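We did not get these values from a lab; they are worked out from the coordinates using the rules stated. Everything numeric in this text was worked out from a predicted model, so none of it was measured. Please note: Cβ atoms are built from the backbone with ideal geometry, for glycine as well, and neighbour counts cover all protein chains shown.
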């Protein structure tokens, strides 16, 4: 190979590179520091529009935090973005169906969908919020919601025309902040007791019922555990999410009533932690045996090596082909409590189309189209009061007892939600792991965690 | 086998008379090698290769398995072979125009590779051959660009791109990858091992720096250039965090971004994810196999005359 | 050097040449790395959660980090990682490079095989290693049990989490080091080795007296880059252990990631990044001083 042919490739490339460099440097001259540029509002506003879509800037661009009460009067065209983590990859076509129905009903509004994996979603969302280019509407789970609401990133919906009666009260409450409704609930999922009928039959143990308590659950679990055949009785992850629910079941409370103090190191807290930790090595494998093995518990259950499993209704579709299992409302201790998770949909405070955004929020969360689309495709269920559309979900099998998904809503356990949510979860997870590994007593681990969480509340 | 006679005339040897003489003094003769040892070596290499290959084979096997049969236990023989994973990857149901996405990634990676190799080689030449004030400080400043983690640079960079009106553009994805201190360093090391006699001879013949660079230096550091080309391509091809933040529309997406969206909130279709992984590994392996020719033969064929 | 060296015109031209050669890399680095770096330095003097405006806190982020137990633990884990990773990956890569530089049947095939892990994404690699090193039913502990060793808890053990990460990282990066050193080996003249062999030098002596010194520029590169990257170890920890169990594999970068995108303590994360910067810079400068003693350029 001659040097000349290398030259032929490299010389034009050099020119290109230098050109590119020259172009960028001229841009740079306009703004020397990115942080100072972000302070100047006109730049922010125009670039936000340029960045998001090719939306034509409306005349009434000045969006106020409390948009005027509803209106079907605006005829200007609007394009709004909707950023979501729950649709990809399995329910994109379902979402598209809902979007198309919405656009048909609102010919002046176009919805542009952006998706990201849950693991990446908040990275992108918070970066865009920081740069002032947030999507007009976006999804939030209720645990992360307060962080965004308390930072003033969300459009207040209070005073706007949406029908509060359409949503279940607990779901609306999950997305209200300091008395204002800041997002509309769009879906829920909850945690149940899954059980393997075959293993129960083999061990001659009666199936769980909704009147069971921890005592019944543990007694059955011990009978079902058979280490010689590798069958475990009851598997429950040792995590924050399980802990706050077990705490509810044991009659304790996570925070003091005024929300200024962590109170989960109470006697009920110790009972809850012991309930979780006590199963390790007795009715389920130890943390060491589990290691970080991917899908460890799912594999146990689908391979008929696990009799009872605490998990959510999102597992239904994955277990659709497995025979001989059902679900029941999770047993409590002094009271029943089922973990319920809500997803909501919010509008950005800086959206230029607050009216269009609100219409989309309502349509996505409670319209007949979105409800039936969700129910028919077994996407997460809408938390609406009118359950007449949900019959097809109930009649599908497995599991036979899908009613348990709705029964669980009667005593919902919603974990505490604070602005520093992720830190709180990490602290509690750590304390549980510490106690589980015997590095400290349960009481000491919870005491130390409570001190740290109380510090986060200030 | 590459002909090494060209290297034999290299002045490098002359600079190591000490080494040779010290060997002469210290070691008794022992010439012939047992073929058994060579066989043993190949066996050891093969065992190592199986260990290296295991995840890759598993990726391929998973990609041609039915989704349900995937995660029970890792197996190297699929129970029933199906191309459903690939079909789904290329279908529209995943919401990403996958062919468009692959083309995006290819073009961006190739552009990043060409610009990266060129800009790095030129800077490497300056650091290895030119004399200028504060050279060492400037070089350390180059290395300094590797020392602040991308995680904290992403937000400032995003804000900067927004002021340039470059959010959701190919240029914004490409821009941070067209210069690499790693490349400069790698190629500088290669240039510094070249004897300076050749440049000096060319200077006496009246050649300028550009000519020396293109006709003497570039051909002789081809192994390093080819190696860095692979790394530059790979860095752009595999980049996730920056495209995730800067790209909004599906038609501007890159492959890692599209693949990341195959992970659902609660469940993942592993056969589709693995089909995507195979798709993402293949081009780099091809490029590497191609570049390897230069790694091995570069010195030999161009030679130092 | 020519006799014009002192003339002003010559010096001006030289500056032009230097700029010409540096500009294609310097301008993009300045724009897309240095400016964000300076911004992050500015951010490090603030309290910022990305959502509300920044608030000036001066050096408080730094002072609180210096007394923070978690930061100290993360630094310790990072050093532990580097201490295990660097020697292993270098020795392994060197061995492979030397063996695969021989005239061996199928060596191109082997070179490609050993490069495969380098190009495979951490997501896939992590899944495999989580299985291989699964304490209860992983292959590695199964093999160990065959020779009568009770395998450790790997991911579930506070002692073995970092070694597990090291093992997977060395496995993945060994091909990278191999490739760099292979390039270096192309610069080792075959007839020098042949001459030494004729003179009766053993393979061992030839390697240590000829090959290894001539590889020192490539070795220097591997060590500097591996240290810079090692201090920023992230991907593998993030996907394999998430920093657990009990923060036993929490590294500096994982801490920075958590603080930026999960806790949204961006000012604090930026301050930690700059402390890391100072540390890595110091290590790099010390190395560049020391290299004059052991790196041999032609």
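Taking residue C:63 as the residue in question, decide whether it is over 25 Å from the mean Cα position of the chain (by Cα), in contact (Cβ under 8 Å) with a residue 12 or more places away in the chain and more than 12 Å from chain A (Cβ to nearest Cβ).
In short, no.
Quick one: in segment C:39-60, of everything that is closer than 17 Å to residue C:256 by Cα and not in a loop (DSSP other than H, G, I, E, B), which residue is farthest from the other protein chains (Cβ to nearest Cβ)?
Within segment C:39-60, the first condition is being closer than 17 Å to residue C:256 by Cα, and the residues that meet it are C:39-50, C:60.
Imposing the further condition that a residue be not in a loop (DSSP other than H, G, I, E, B) reduces the set to C:39-43, C:46-47, C:60.
Working: C:39: 4, C:40: 5, C:41: 9, C:42: 6, C:43: 7, C:46: 9, C:47: 13, C:60: 16 Å.
Step by step, filter segment C:39-60, then rank; the result is C:60.
Being in contact (Cβ under 8 Å) with a residue 60 or more places away in the chain and within 20 Å of residue C:187 (Cα to Cα) is the filter; apply it to segment C:271-297 and report the residue that is surrounded by the fewest Cβ atoms within 10 Å (Cβ to Cβ).
C:294
Of everything in segment B:178-199, what is facing chain C (nearest Cβ under 9 Å) and surrounded by fewer than 22 Cβ atoms within 10 Å (Cβ to Cβ)? Give them in sequence order. Full working, then the answer.
Residues of segment B:178-199 that are facing chain C (nearest Cβ under 9 Å), as a first pass: B:178-186, B:188-190, B:192-196.
B:192, B:195, B:196, listed by residue number.
From (1) assigned to a loop (DSSP other than H, G, I, E, B); (2) within 13 Å of chain A (Cβ to nearest Cβ), pick out the condition that doesn't hold for residue B:213.
(1)
In segment A:258-276, which residues are at negative phi and assigned to a loop (DSSP other than H, G, I, E, B)?
Passing the criteria: A:258, A:260, A:261, A:263, A:264, A:265, A:266.
Can you tell me which of (1) assigned to a loop (DSSP other than H, G, I, E, B); (2) without any contact (Cβ under 8 Å) to a residue 40 or more places away in the chain; (3) surrounded by fewer than 22 Cβ atoms within 10 Å (Cβ to Cβ) is the one residue A:292 doesn't meet?
For residue A:292, the exception is condition (3).
Condition check: under 15 Å from residue C:79 (Cβ atoms) and in a helix (DSSP H, G or I). Does residue C:233 satisfy that? Show your work before the answer.
On the way: under 15 Å from residue C:79 (Cβ atoms): yes; in a helix (DSSP H, G or I): no.
No; evaluated as a whole, the condition is false for this residue.
Please go through (1) more than 10 Å from chain C (Cβ to nearest Cβ); (2) over 21 Å from the mean Cα position of the chain (by Cα); (3) crowded, with 23+ Cβ neighbours inside 10 Å; (4) touching a residue at least 60 places away in the same chain (Cβ under 8 Å) for residue B:162 and return the number of the only condition it doesn't satisfy.
Unmet condition: (4).
Any residue at all in segment C:96-116 that's part of a helix (DSSP H, G or I), over 30 Å from residue A:287 (Cα atoms) and within 12 Å of chain A (Cβ to nearest Cβ)?
Looking through segment C:96-116, none of the residues is part of a helix (DSSP H, G or I), over 30 Å from residue A:287 (Cα atoms) and within 12 Å of chain A (Cβ to nearest Cβ).
Provide a single number: the residues in segment C:254-278 that are in contact with a helix residue (DSSP H, G or I) (Cβ under 7 Å, 6 or more places away or on another chain) and away from chain A (no Cβ under 14 Å).
So the answer is 6.
With respect to residue C:53, determine if the residue is farther than 17 Å from residue C:243 by Cα and under 16 Å from the mean Cα position of the chain (by Cα).
Numbers: farther than 17 Å from residue C:243 by Cα: yes; under 16 Å from the mean Cα position of the chain (by Cα): no.
Here the answer is no, as residue C:53 does not meet what is asked.
Can you pull out every residue in segment A:352-378 that is buried (at least 21 other Cβ atoms within 10 Å of the Cβ) and in a loop (DSSP other than H, G, I, E, B)?
A:352, A:353
Scan segment A:96-127 for residues that are within 30 Å of residue C:49 (Cβ to Cβ) and in a helix (DSSP H, G or I) and jot them down.
A:118, A:119, A:120, A:121, A:122, A:123, A:124, A:125, A:126, A:127
Give me the residue from segment A:202-238 that is within 14 Å of residue A:281 (Cβ to Cβ) and assigned to a strand (DSSP E or B) and, out of that set, nearest to the chain's Cα centre (by Cα).
Checked segment A:202-238; the qualifying residue nearest to the chain's Cα centre (by Cα) is A:235.
How many residues does segment C:122-155 contain that are under 18 Å from residue C:169 (Cα atoms), assigned to a loop (DSSP other than H, G, I, E, B) and more than 10 Å from chain A (Cβ to nearest Cβ)?
0
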